[in-house]
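These notes concern the structure reproduced below.
The values are calculated or read from the model by the stated rules, or taken from the named source; none is laboratory data. This one's a predicted model, so the numbers in the text were calculated from it and none came from an experiment. Glycine gets a Cβ as well: all are built from the backbone with ideal geometry, and neighbour counts include every protein chain shown. Just so you know, the surface numbers come from the protein's heavy atoms only, side chains and all, with ligands and any DNA or RNA stripped out. Shrake-Rupley method; radii C 1.70, N 1.55, O 1.52, S 1.80 Å.
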Amino acid sequence: MSVAAVCPGSFDPITLGHLDVVRRAAGRFDAVVVAVLENPRKQGLFTAEERIALIEDEVADLDNVTVESFQGLLVDFCNARGIRLVCKGLRAVSDFEYELQMAQMNQRIGGVETLFMSTSPEHSYLSSSLVKEVARYGGAIDGTVPPRVAAALQAKLA
Ligand code: PNS
């Protein structure tokens, strides 16, 4: 039996923490779909197309990973593809409460189960928002996002 999972997120932009979870998921599941939320009510720094292109560059070596955007409910995205599992990284206890709520809601409204993967300790403080803030004020972001993403961030904020 082939098992697929969706790794969802805003990925505005993808960090090394996200990438670590996607890569580790790719090693555990037969197929992984990275699902990039396109939220019409919240404009990101990067467009969905830009976020997808940045992620695709970083996972180009992984044959079982694809990247797509989605709008609306995550469970609809999963069910339309016959995928029953979501895989999400957990950084700290502070993530847990909201992640658990979403997992339980997704189980209830769509029958989609969520598996949590612990973030590698070296990435546990990382978030896209923090990286953007540091980059905006000219701080060093090396080691937080892949070099191509750092270059794209710096170009965007220049
Ligand atoms: O990277 P993020 O912002 O933590 O990702 C959150 C995301 C995209 C996984 C979550 O907001 C989501 O699934 N949004 C889609 C809308 C939806 O399904 N909402 C109900 C969740 S119970």
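Data overview
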read-out	value
Selection count, the range 65-76, where residues are farther than 20 Å from Ile14 by Cα and within 17 Å of the chain's Cα centre (by Cα)	3
Hits in the range 134-156 - residues which are among the aliphatic types (A, V, I, L, M) and in contact (Cβ under 8 Å) with a residue 60 or more places away in the chain	Val145, Val149, Ala152, Leu153
Any hit, the range 3-26, residues being exposed (fewer than 13 other Cβ atoms within 10 Å of the Cβ) and either in a helix (DSSP H, G or I) or not aliphatic (A, V, I, L, M) (or both)	no
Hits in the range 64-122 - residues which are out of contact with any helix residue (DSSP H, G or I) (no Cβ under 9 Å at 6 or more places or on another chain) and acidic (Asp, Glu)	Asp95, Glu97, Glu99
Cross-chain or 6+ apart pairs with Cβ under 6 Å, the range 122-133 first and under 13 Å from Pro146 (Cα atoms), then aliphatic (A, V, I, L, M) and at pLDDT 95 or above	His123/Leu16; Val131/Ile141; Val131/Val145
Close pairs (9 angstrom Cβ cut-off, 6 or more residues apart or separate chains): on the phi > 0 side of the Ramachandran plot in the range 60-83, open to solvent by less than 80 Å² (accessible area, probe 1.4 Å) anywhere	Gly82/Ala4
The lone exception for Ala152 - which of (1) in contact with a Pro (Cβ under 8 Å, 6 or more places away or on another chain); (2) exposed (fewer than 14 other Cβ atoms within 10 Å of the Cβ) it fails	(2)
